[in-house]
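Engineer: So that we are looking at the same thing, I have put the structure below in structure tokens.
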Amino acid sequence: MAVRIEGYAIVSLDGMIADKDGRMTDALIVEADQRFYAESLSRAALIVHGRNSAEPGSQATRRRRAIVTRRIEALQRTAADSDIWLWNPRGLPFAGLLERLALSGGIVAVVGGTEVFDLFLTIGYDAFYLTRSARGSLPGGRPVFAAVPAQTPEDILRRAGLRLTDERELEPGATLAVWERPAHRS
């Protein structure tokens, strides 16, 4: 089984994942999206995020994760009994991370922030689950991708080779769009 890279984000009307202070506001807290997110992460073999993005709840410390950082050379375990790793992609490419963690299959869930989402645009998402909340904008906030708001998240995903395969309303004012890489035929 191969590794499948999946991104997960909820954004405001203007494509932000947090306000200007890095906080998730009420505009981005959608109960149906939180359920979808938790269920999705429960299936992940590895969760990748930056130091300011994390999974809330009691399950967070039980899941294997890689926290992207520049503070170390390549890869370092956070504690002897932990399966939480600090990872510097400049010192160890993604393929090396998978090899060092002995991960040959399953879902790698990428959950933010902006730099981490951008990093995986280069590595290559197999799917990106983008929830858009219509509950407001966050001017000057933290964008899902660095090129937002000059470009929409949807345009960026399209340029990265993904295409919209499904879209559904999670609840009034919140829509989940599934972007996937087309299957290649040999």
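Engineer: Within the range 128-137, which residues are among the hydrophobic types (A, V, I, L, M, F, W, C), crowded, with 17+ Cβ neighbours inside 10 Å and over 12 Å from Ile17 (Cα atoms)? Talk me through it step by step, then tell me what you get.
Structural biologist: Kept after step one, since they are among the hydrophobic types (A, V, I, L, M, F, W, C), are these residues of the range 128-137: 128, 130, 134.
Okay, now just the ones that are also crowded, with 17+ Cβ neighbours inside 10 Å, so 128, 130.
The one that is among the hydrophobic types (A, V, I, L, M, F, W, C), crowded, with 17+ Cβ neighbours inside 10 Å and over 12 Å from Ile17 (Cα atoms): Phe128.
Engineer: How many residues are assigned to a strand (DSSP E or B) and over 16 Å from Arg51 (Cα atoms) when one looks only at the range 10-28?
Structural biologist: Going residue by residue through the range 10-28, those that are assigned to a strand (DSSP E or B) are 10-11, 16-18.
Retained after the next criterion (residues that are over 16 Å from Arg51 (Cα atoms)): 10-11, 16.
So the answer is 3.
Engineer: Please enumerate the residues belonging to the range 62-78 that are assigned to a loop (DSSP other than H, G, I, E, B), farther than 28 Å from Trp179 by Cα and open to solvent by less than 40 Å² (accessible area, probe 1.4 Å).
Structural biologist: Quick first cut of the range 62-78, residues assigned to a loop (DSSP other than H, G, I, E, B) only: 63-64, 69-74, 78.
Applying the additional criterion that residues be farther than 28 Å from Trp179 by Cα yields 70-74, 78.
The answer is Ile72, Ala74.
Engineer: Right, another one. Anything in the range 104-114 that is over 10 Å from the mean Cα position of the chain (by Cα) and either charged (D, E, K, R) or open to solvent by less than 20 Å² (accessible area, probe 1.4 Å) (or both)? List them, or say none.
Structural biologist: Step one: filter the range 104-114 for residues over 10 Å from the mean Cα position of the chain (by Cα), giving 104-107.
Hits for the range 104-114 are Gly105, Gly106.
Engineer: Right, another one. Give the number of residues within the range 117-127 that are open to solvent by 10 Å² or more (accessible area, probe 1.4 Å) and out of contact with any Pro (no Cβ under 7 Å at 6 or more places or on another chain). Outline the logic, then answer.
Structural biologist: Let us first name the residues in the range 117-127 that are open to solvent by 10 Å² or more (accessible area, probe 1.4 Å), namely 118-119, 121-124, 126.
Checking which are out of contact with any Pro (no Cβ under 7 Å at 6 or more places or on another chain) leaves us with 118, 121-124, 126.
Matching residues across the range 117-127 total 6.
Engineer: Here is a further query. Tally the residues that are part of a strand (DSSP E or B), touching a Gly at 6+ places or on another chain (Cβ under 8 Å) and within 28 Å of Val3 (Cβ to Cβ), restricting the search to the range 131-154.
Structural biologist: Looking only at the range 131-154, we keep the residues that are part of a strand (DSSP E or B), and these are 131-133, 142-143.
Checking which are touching a Gly at 6+ places or on another chain (Cβ under 8 Å) leaves us with 133, 142-143.
Cutting the leftovers down to within 28 Å of Val3 (Cβ to Cβ) gives us 142-143.
Summing the residues that are part of a strand (DSSP E or B), touching a Gly at 6+ places or on another chain (Cβ under 8 Å) and within 28 Å of Val3 (Cβ to Cβ) in the range 131-154 gives 2.
Engineer: Among the residues of the range 138-149, is any surrounded by fewer than 17 Cβ atoms within 10 Å (Cβ to Cβ), of a type in the set (D, E, K, R) and more than 19 Å from Arg163 (Cα to Cα)?
Structural biologist: No, there is no match, as no residue in the range 138-149 is surrounded by fewer than 17 Cβ atoms within 10 Å (Cβ to Cβ), of a type in the set (D, E, K, R) and more than 19 Å from Arg163 (Cα to Cα).
Engineer: Residue by residue through the range 155-180, note down the ones that are outside any strand (DSSP E or B), under 21 Å from Thr122 (Cα atoms) and open to solvent by 80 Å² or more (accessible area, probe 1.4 Å).
Structural biologist: So in the range 155-180, the residues outside any strand (DSSP E or B) come out as 155-162, 172-173.
Next cut, under 21 Å from Thr122 (Cα atoms) only: 155-162.
Correct list: Arg158, Arg159.
The values are calculated or read from the model by the stated rules, or taken from the named source; none is laboratory data. Small disclaimer: the values here were computed from a predicted structure and weren't measured. Neighbour counts run over all protein chains shown; Cβ positions are idealised from the backbone, glycine included. Keep in mind that these areas ignore ligands, DNA and RNA; they rest on the heavy atoms of the full protein, side chains included. Shrake-Rupley method; radii C 1.70, N 1.55, O 1.52, S 1.80 Å.
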